[in-house]
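Trainee: Would you mind keeping the following structure in view while I ask a few things?
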2 protein chains.
Amino acid sequence: MIYFDNAATSFPKPEMVYDSIMKVMKEYGANPGRSGHKLALKLGREIFETRETIAKLFNIKNPMNLIFTFNCTESLNIGIKGILEKGDHVITTSMEHNSVLRPIKALEKLGIEVTIVDGDSKGRIDPLHIEESIKENTKLIVTTHISNLTGTIMPIHTIGKIAKENGVYYLVDGAQSAGVYDIDVEKMNIDMLAFPGHKGLLGPQGTGGLYIKEGLDIREMGQGGTGSTSHLLEQPDIRPDRYESGTPNGPGIIGLGAGVEYILEKGIDKIRIHEEELTKHFIEEVTKIDKVKVYGPLDTKYQAAVVPLNIGDLDSSELSYILDQNYDIEVRPGLHCAPLAHKTIGTFEQGVVRFSFGPFNTHEEIELGIKAIKEISKEA
Amino acid sequence: MIYFDNAATSFPKPEMVYDSIMKVMKEYGANPGRSGHKLALKLGREIFETRETIAKLFNIKNPMNLIFTFNCTESLNIGIKGILEKGDHVITTSMEHNSVLRPIKALEKLGIEVTIVDGDSKGRIDPLHIEESIKENTKLIVTTHISNLTGTIMPIHTIGKIAKENGVYYLVDGAQSAGVYDIDVEKMNIDMLAFPGHKGLLGPQGTGGLYIKEGLDIREMGQGGTGSTSHLLEQPDIRPDRYESGTPNGPGIIGLGAGVEYILEKGIDKIRIHEEELTKHFIEEVTKIDKVKVYGPLDTKYQAAVVPLNIGDLDSSELSYILDQNYDIEVRPGLHCAPLAHKTIGTFEQGVVRFSFGPFNTHEEIELGIKAIKEISKEA
């Protein structure tokens, strides 16, 4: 089986991820931060260490500004809804995932003004278009770092600069980049960074995070037990507690920590270069094949390890089915929870078959993928 | 090590819980409901089967009315905030956890009327007091099934009847009961049932659920990718998708399913009777010890496997520390995220040391617990 669906969730995970999760569950699977006994304290301490590890990866100076969530969607909802109020204006792009667009669309009904900046046919966003959209009441810019549809790498550094210069907050969706591409919240002027634990960071599902800049007072989405200031009926406003109500995914967070440790040990550059090599070769070869349409910038300087394609007018689900059944190659077809992005690149009707590579994919697997596309396109 | 902190999280889990999680992670850890390949489909199918298994446990007729969340706190937030609007009145009790009280207190600031019915010194709630509190604009009653502080079993069947007769919705917090005590949403007139996956249901942390009665149109808290109706910028209103945005905790849900399978195989009655026996003996013996104050109804007909106690005026944290360090017994001290419940039973200043038993605790462990309390109380 060849797994080319890493943009949905990375698979497999490093062995140390599996091992650390089982170790927590079997040896000290207590409720961290709730009780004072040694099991709970050990898990609580390790969760804090994981916070430090991830903070290091993104150059977050105070780990308490990093909150754990259960997926990137929750992180984005907190970031978007926690800051915008009636009368505010938010700018986003046509390349966003529904996890950005749907919360924003829900807010639009409540009186928040929305501008959606269009990408071009390769899924690129011109930062000037964002700058031109800034108005008196603009409070927030939200963009993805890397499109989940086309793999297009967005100029977040430039957008961050624009946001800062104009006194606007910037929320980055790191769903497809965290763990593979450099993210420095300080240098890039990122006020909030949302990320999943189970994709590039190689942790398990049920984990995610949100960095919130020091002093940025955003509302929490939920309230509940935090294990802190238990005598109060009001949600505490200390971080991270304010945003982490209820029992966290203790073993999951430790697994995520192991994933990030793996990345730091291996070197994020090494992982990215490996994925770039795979992607470069794949793009070079599939673009040569008759009838194959490949989307995105088609240059690994501007496109991550996410390559969408179609063969002629073949339905993307059918192509995906053939790859699965006849070649044991796992990809994702259809619309990728990013309807405006499909409209932007012209694949709203047909969908696309998305190939997305991860650190454990090999050159041999890429060759087999290319071979499969060649064979299928001959018969299509 | 003796683990008496099962009300915080159950530990250990049945072997099949560990095994099933690892099996998913290592063999088919794809993104369920996102892609069409065999790994994703297999996980998606098994998640649906888990939905069916849990639905069976609570007599939920349509499994699609059961949504997966990441913890009980999230479930309660969705249930409470999804239904109440400005001008509505909600009734709850002084015995609730902060996961109920804090969301309600947050809503109070937005113009929702709140009545908190007081419990008695044993943590009992008189359903008549709830009935008397119902007004013209009462929309919702929220109560726990079992107090996390005193173990008091609430008369949810009677409250459900009162709610139904008065045309008021009833949300039950099953945090301490699900998996041990019978819950039948039909017979008990429960409109919404919130539960954690990692306590009595013996699943991993990072899992929970909310049953929402057919036709009860409550708002979702977050929006995002659902893998369904991906072409739309609006959150789909189909269940369970509407309430399950973003990647679910796939392996966690399968682990939860294994926990529930374990319960169904073993028999929920057998588990409860075992816990009742442990609790009965523990209460009988510790109430005899000089200087020991034990809280709750002190009768397993009315008190679950949650026994809070203090020794004289000894600080609860100190007692817990001695138990941990000298006896290797793990309990939870302090305030238990239920400030009003502490006021109700008169332990707001001292806190309590909470002993909470689970299916894997043994009679021998209970004896060691009793012996420890005896020894410490002699020296106190």
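Coordinate-derived values only; no laboratory data. Source: prediction; values computed, not measured. Cβ atoms come from the backbone with ideal geometry, glycine included; neighbour counts cover every protein chain shown.
Trainee: Check residue B:140: other-chain or 5+ apart residues with amide H under 5 Å from its amide H, H built from backbone geometry?
Mentor: Under 5 Å from the amide H of residue B:140: B:89, B:91, B:169.
Trainee: Considering only the other residues whose Cβ falls under 14 Å of the Cβ of residue B:274, what net charge follows from Lys and Arg at +1 and Asp and Glu at -1? Don't jump to the answer; show the numbers that get you there.
Mentor: Values: positive: B:266, B:270, B:272, B:280; negative: B:269, B:275, B:276, B:277, B:364, B:365.
It works out to a net charge of -2.
Trainee: Nearest 20 debye, what's the magnitude of the dipole of chain B about its Cα centre given +1 on Lys and Arg Cβ and -1 on Asp and Glu Cβ? Please report the intermediate quantities before stating the final value.
Mentor: On the way: 41 positive and 54 negative charges, 149 e Å.
The calculation lands at about 720 debye.
Trainee: Is any residue of segment B:194-231 close enough, with backbone N under 16 Å, to a label point placed 7 angstrom from the Cα of residue B:264 along the Cα-Cβ axis, and if so, which?
Mentor: Only B:201-203 pass the distance filter.
Trainee: From the residues A:31, A:8, A:21, which one has its Cα farthest along the dipole of segment A:1-74 in the positive direction, the dipole being from +1 and -1 charges on Cβ of Lys/Arg and Asp/Glu about the Cα centre?
Mentor: Of A:31, A:8, A:21, it is A:31.
Trainee: Tell me the net charge near residue B:324. Cut-off is 9 Å between Cβ atoms, residue B:324 excluded, with +1 for each Lys or Arg and -1 for each Asp or Glu.
Mentor: Residues near residue B:324 contribute -1 overall.
Trainee: Mind listing P(r) for segment A:198-319? All alpha-carbon pairs, 10 Å bins, whole percents.
Mentor: Spelled out bin by bin, segment A:198-319 gives 11, 24, 24, 21, 14, 6, 1 percent.
Trainee: Using only Cα atoms and rounding to the nearest 10 degrees, what angle (0 to 90) does helix A:250-266 make with the longest principal axis of chain A?
Mentor: 60 degrees
Trainee: Counting only C-alpha contacts under 8 Å and six or more residues apart, can you give the relative contact order of segment B:15-266 as a whole percent?
Mentor: 27 percent
Trainee: Please list, by residue number, every one of the GluC sites (Glu not before Pro) in segment A:17-86 that is coil in DSSP and has at most 16 other beta-carbon atoms within 10 Å.
Mentor: Those satisfying the criteria are A:85.
Trainee: For segment A:179-262, what Kirkwood radius comes out of the mean inverse Cα-Cα distance, in Å?
Mentor: Averaging 1/r across every pair of different Cα atoms and inverting gives 14.4 Å.
Trainee: For the protein assembly as shown, go through all pairs of different Cα atoms, get the mean of 1/r, take its inverse, and jot down that Kirkwood value in Å.
Mentor: 26.5 Å
Trainee: Where the label is 7 Å out from Cα toward Cβ, how close does residue A:346 come to the same position in every other copy, in nm, shortest first?
Mentor: Sorted ascending, the copy-to-copy spacings read 8.0 nm.
Trainee: How large is ³J(HN,Hα) for each residue in segment A:285-301, as worked out from phi by the Karplus curve 6.51 cos²θ - 1.76 cosθ + 1.60 (θ = phi - 60°), to whole Hz, x for Gly and Pro?
Mentor: Per residue, the Karplus-derived 3J(HN,Hα) values read 7, 6, 5, 7, 7, 4, 6, 8, 9, 10, 10, x, x, 6, 8, 5, 5 Hz.
Trainee: Restricting to DSSP H runs of at least four residues, report the calculated mean residue ellipticity at 222 nm for chain A, -39500 (n - 2.57) per run over all residues, nearest 500 deg cm²/dmol.
Mentor: On the way: 11 runs with 143 residues, N = 380.
It comes out at -12000 deg cm²/dmol, rounded to the nearest 500.
Trainee: Give the dimensionless ratio obtained when the Cα radius of gyration of segment B:54-163 is divided by 2.2 N^0.38 Å.
Mentor: This ratio for segment B:54-163 stands at 1.09.
Trainee: Under a 5 Å amide H to amide H cut-off, with H placed in plane at 1.01 Å, what residues pair with residue A:11 once short-range neighbours are removed?
Mentor: none
Trainee: Using 0.36 nm times the number of residues separating residue A:1 and residue A:290, minus their current alpha carbon distance, what extension gain do you get?
Mentor: Here the answer is 101.5 nm.
Trainee: May I ask you to compute the full-extension gain from residue B:299 to residue B:52, defined as 0.36 nm times their residue separation minus their alpha-carbon distance, rounded to one decimal in nm?
Mentor: Working it through step by step, the gained length comes to 85.5 nm.
Trainee: If you don't mind, another one. Defining a contact as two alpha carbons under 8 Å apart and six or more residues distant in sequence, what relative contact order in percent does segment B:192-309 show?
Mentor: Contact order relative to length: 21 percent.
Trainee: So which trypsin sites (Lys or Arg not before Pro) in segment B:198-273 are both in a DSSP loop and have at most 14 other Cβ atoms within 10 Å of their Cβ?
Mentor: B:219
Trainee: A follow-up question, please. How far is helix B:38-57 tilted, in degrees, relative to the longest principal axis of the Cα atoms in chain B, given as a value from 0 to 90 rounded to the nearest 10?
Mentor: Tilt of helix B:38-57: around 50 degrees.
Trainee: Nearest 10 degrees, 0 to 90: what angle lies between the long axis of helix A:156-165 and the longest principal axis of chain A (Cα atoms)?
Mentor: Approximately 50 degrees, to the nearest 10.
Trainee: I've got another one for you. So for A:58, B:348, fewest C-beta neighbours within 10 Å to most, what's the order?
Mentor: Exposure proxy ranking, most exposed first: B:348, A:58.
Trainee: So if R0 is 22 Å, what FRET efficiency would residue B:126 and residue B:164 give, r being the distance between their Cβ atoms, rounded to the nearest 0.05?
Mentor: The computed FRET efficiency comes out at 0.75.
Trainee: For residue B:219, put the label point 7 Å out on the Cα→Cβ axis and report which residues of segment A:85-117 keep their amide N under 20 Å from it.
Mentor: Zone members listed by number: A:85-90, A:99-114.
Trainee: Oh, and also: Counting pairs of alpha carbon atoms under 8 Å apart in space and at least six apart in sequence, what relative contact order in percent does segment A:230-380 give?
Mentor: Over segment A:230-380, the number comes to 24 percent.
Trainee: Put a point 7 Å out from Cα along the line to Cβ at residue B:290; what are the distances to that point in the other copies, in nm, shortest first?
Mentor: Those label-point separations list as 9.9 nm.
Trainee: Please give me the summed charge of the neighbours of residue A:262: other residues whose Cβ is under 10 Å from its Cβ, Lys and Arg +1, Asp and Glu -1.
Mentor: -1
Trainee: For chain A, would you read off the P(r) tail past 38 Å as a percentage of all alpha carbon pairs?
Mentor: 20 percent
Trainee: Once label points are set 7 Å from the Cα along Cα→Cβ at both residue B:108 and residue A:157, what is their separation, rounded to one decimal in nm?
Mentor: Modelled inter-label distance: 5.2 nm.
Trainee: Dipole size in debye (nearest 20) for the protein assembly as shown around its Cα centre, Lys and Arg Cβ +1, Asp and Glu Cβ -1?
Mentor: 220 debye
Trainee: Pull up the cross-link candidates among the lysines for residue A:371, meaning alpha carbon to alpha carbon under 23 Å and not fewer than 8 places away within one chain.
Mentor: A:280, A:288, A:291, A:293, B:38
Trainee: Where the label is 7 Å out from Cα toward Cβ, how close does residue B:317 come to the same position in every other copy, in nm, shortest first?
Mentor: Label point to label point, same position, other copies: 5.8 nm.
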